[in-house]
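Throughout, read-outs are computed from the coordinates displayed, never taken from laboratory work. Everything numeric here is computed off the predicted structure, so don't read it as measured data. Cβ coordinates were reconstructed from backbone atoms using ideal geometry, including for glycine residues, and neighbour counts include every protein chain displayed.
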Amino acid sequence: MNKVAILGIAVLIIIIASATYRFFEQRKQRISDDNAPVTLYMVEVIDKKEIAANERRSRENDVTGPEITHYYQVTFRLTTDDRKDLVLKIDKSAYQNIELEMKGRLFMQGSRFIKFETDMPSNEQK
């Protein structure tokens, strides 16, 4: 075999190994989240962002035009002595119900967002 073929095989093996490692790490995190108890945190919303993420390849964009998808990110600050920030990706419906400077209860299972509840009446949220 020539050097190019050996190099190609080595690169292919590295790609397969890294993809396999990533798959098992995601699986381990999902199992860990499933087995974790639901935890309650007292938090305040300090930031929220709607981030555009184009998941299509450039060749697909040339054919059908760019289709923009979004993901929603909210930063919560713990109101305990830690004052630690939690940056979470959440779904659109939960994102729309959360406003800046809201205070409430954040429910999480492991690293997974479950829900956010506030004590504010719905007419004062707007």
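Measuring from label point to label point, each 7 Å out along Cα→Cβ, what is the R112 to S32 span in nm?
Reported label-point gap for R112 and S32 is 1.4 nm.
Count the net charge of all other residues whose Cβ sits under 12 Å from the Cβ of G110, scoring Lys and Arg as +1 and Asp and Glu as -1.
Result for the neighbourhood of G110: +1.
Using a basic spin-label model with each label point 7 Å from the Cα along Cα→Cβ, how many nm lie between F23 and I9?
2.2 nm
So, by mean Cβ neighbours within 10 angstrom, what's the order for 43-51, 89-97, 20-28 with the highest one leading?
Top to bottom by mean Cβ count within 10 Å: 43-51, 89-97, 20-28.
With a 10 Å radius around each residue's Cβ, average the other Cβ atoms per peptide and rank 4-11, 102-109, highest first. Please list the in-between numbers first.
On the way: 4-11: 10.0, 102-109: 17.2.
My ranking of the peptides, most packed first, is 102-109, 4-11.
For every other residue with a beta carbon closer than 12 angstrom to the beta carbon of V87, add +1 if it is Lys or Arg and -1 if Asp or Glu, then tell me the sum.
On the way: positive: K48, K49, R77, K84, K89; negative: D47, D85.
That sum, taken over residues with Cβ under 12 Å, equals +3.
Is there a pair in K28/K48; K28/K103; K28/K84; K28/K89; K28/K92 whose C-alpha atoms are over 23 Å apart, and which pairs would that be?
Working: K28/K48 28 Å; K28/K103 32 Å; K28/K84 25 Å; K28/K89 19 Å; K28/K92 26 Å.
Cα-Cα > 23 Å for K28/K48; K28/K103; K28/K84; K28/K92; rest within.
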